[in-house]
Amino acid sequence: MKNLALLVFGAAVVAAPALMTAQNAQYPQILIPPGKGPYTFPQGYQTPWDKIDIMVTAKMSPNLFVLHGSEGLDPDHPDASGGRAMALFGPDGVLMVDDENRQVQEKTLKTIRSFTNEPIKILVNTHVHPDHTGANAFFAQQGAVIYAQNNLRLEMMRQPARGGGAAAPAAAAAAPQAGLPVGTYNYDPAKPGEPALTFMMNGEIVDFVPMMPSHTAGDTIVRFRNANVIYIEDFYRNFGYPFADQGNGGSLRGMLDAVDLIEKVAGPDTTLIPGHGTYVKRNDLLPYRAMIVDVLNKVKALRDQGKSLQEVLAAKLLEPYDKTTLGDTQSSKDRFITEAYLEVKDFPPVVEGRRTMTRPQ
Ligand SMILES: [Zn+2]
């Protein structure tokens, strides 16, 4: 009897993990990985939006798909146009994470309609940039209720002041009212990693987790608990150098805090979905973190010696990282070093959920 019990128990222990592995092994499915480059565009090149497709590029579960644009056409994001969007679908309706550029909004909807006819109900914006929110008004017309941090809503309403009093570029002109988030929440510094909202839909549990001021002052990450994936938007990137949108309350140091929070909220096997570049796991964020710390330290040392921004840019501080950084254009390098230069002196505190840094053009 004793032996039999042991045998049965042993069999159950062996069988259970085997079954789980078989189920999980099917996902994620990366259907179309982003390109690697290098890419060059002639002077005066304009993005040919009519040539850009929005495709299902990955499946994170049977009803959780990732959408992303064509490679090699969009100089802002040559590896894959736009910022990743996601769609969770089923009988409870469609929940979207971000919505791609305005210029391709019809294509984004058409691609969603290729796999579901359910109504589009909920849209969350991970941050204000137009490759993530450009189609807000369009999807609101489709029925989506838009959620975001209140800071994102404010960023949409009043575009950041530019250095020298220059007007904001046309693409960033104030969003139509219909595109503004209507469901808002704030980051609570006493509860980092705590969801502001949790949706139970289509067999998933979806957490909207507001972030500290990092890539911008209005960032949200989105966790799908059952699929074990987190959309981590743009405070981490592996195509081009880090970008902290200081004009919208972001900072490199805030991005370090964001990486540290991911190390806590993600499991070792959680698939992390950046807005751009390749999919990663939490430990893949550590070399990126170390690079930002190293660059901040080196730039601070030079600035403390009285070096000008031009001198620091000329010091080629990123040379050790160029070999391992895809998409390492001169403008991406200069932007990163300039951000570091601005932050290592007179770094403003967070006041009412945001930092106010003036970013020179
Ligand atoms: Zn983006």
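The values are calculated or read from the model by the stated rules, or taken from the named source; none is laboratory data. Everything numeric here is computed off the predicted structure, so don't read it as measured data. Positions of Cβ are backbone-derived with ideal geometry, glycine not excepted, and every protein chain shown enters the neighbour counts.
Values for this structure:
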{"read-out": "Top-ranked residue of segment 225-237 - restricted to ones that are of a type in the set (A, V, I, L, M, F, W, C) and either in a loop (DSSP other than H, G, I, E, B) or within 12 Å of the ligand (Cβ to nearest atom) (or both), ranked as farthest from His129 (Cα to Cα)", "value": "Ala227"}
{"read-out": "Search result, residues across segment 45-72 that are assigned to a loop (DSSP other than H, G, I, E, B) and either of a type in the set (Asp, Glu) or under 15 Å from His276 (Cα atoms) (or both)", "value": "Asp53, Ser70, Glu71, Gly72"}
{"read-out": "Criterion (touching a residue at least 40 places away in the same chain (Cβ under 8 Å) and within 14 Å of Leu252 (Cα to Cα)) met by exactly one of Val293, Val350", "value": "Val350"}
{"read-out": "Of all residues making up segment 205-234, the number that are over 21 Å from Asn283 (Cα atoms), of a type outside the set (Asp, Glu) and free of Cβ contacts under 8 Å to residues at least 40 places away in the same chain", "value": "1"}
{"read-out": "Any helices (runs of 4 or more DSSP H) falling wholly within segment 238-326 and containing at least 3 residues that are under 25 Å from the mean Cα position of the chain (by Cα) and closer than 30 Å to Glu155 by Cα", "value": "252-265, 285-304"}
{"read-out": "Whichever residue in segment 1-54 is of a type in the set (D, E, K, R) and at pLDDT 95 or above and, among such residues, is surrounded by the most Cβ atoms within 10 Å (Cβ to Cβ)", "value": "Asp53"}
{"read-out": "Residues (in a helix (DSSP H, G or I), away from the ligand (no atom under 16 Å from the Cβ) and out of contact with any helix residue (DSSP H, G or I) (no Cβ under 6 Å at 6 or more places or on another chain)) located in segment 92-142", "value": "Glu106, Lys107, Leu109, Lys110, Thr111, Ile112, Arg113, Phe139, Gln141"}
{"read-out": "Subset of segment 59-77 (residues that are touching a Ser or Thr at 6+ places or on another chain (Cβ under 9 Å) and in contact (Cβ under 8 Å) with a residue 60 or more places away in the chain)", "value": "Met60, Asn63, Val66"}
{"read-out": "Every residue from segment 238-275 that is touching a strand residue (DSSP E or B) at 6+ places or on another chain (Cβ under 6 Å) and within 14 Å of the ligand (Cβ to nearest atom)", "value": "Phe239, Ile273, Pro274, Gly275"}
{"read-out": "Extreme residue, surrounded by the fewest Cβ atoms within 10 Å (Cβ to Cβ), among residues of segment 143-168 that are modelled with pLDDT of 95 or more, more than 16 Å from the ligand (Cβ to nearest atom) and among the aliphatic types (A, V, I, L, M)", "value": "Val145"}
{"read-out": "Leading residue by the ranking (nearest to the ligand (Cβ to nearest atom)) among those in segment 79-91 that are part of a loop (DSSP other than H, G, I, E, B) and either of a type in the set (Phe, Trp, Tyr) or within 24 Å of Leu180 (Cα to Cα) (or both)", "value": "Gly83"}
{"read-out": "Odd one out for Asp76 among (1) modelled with pLDDT of 95 or more; (2) more than 22 Å from Glu118 (Cα to Cα); (3) within 16 Å of the ligand (Cβ to nearest atom)", "value": "(1)"}
{"read-out": "Candidates Arg303, Arg282, filtered to the one that is of a type outside the set (S, T, N, Q), surrounded by 13 or more Cβ atoms within 10 Å (Cβ to Cβ) and touching a Pro at 6+ places or on another chain (Cβ under 7 Å)", "value": "Arg282"}
{"read-out": "Residue within segment 296-306 that is modelled with pLDDT of 95 or more, over 28 Å from Gly353 (Cβ atoms), away from the ligand (no atom under 16 Å from the Cβ) and in contact with a helix residue (DSSP H, G or I) (Cβ under 7 Å, 6 or more places away or on another chain) present", "value": "yes"}
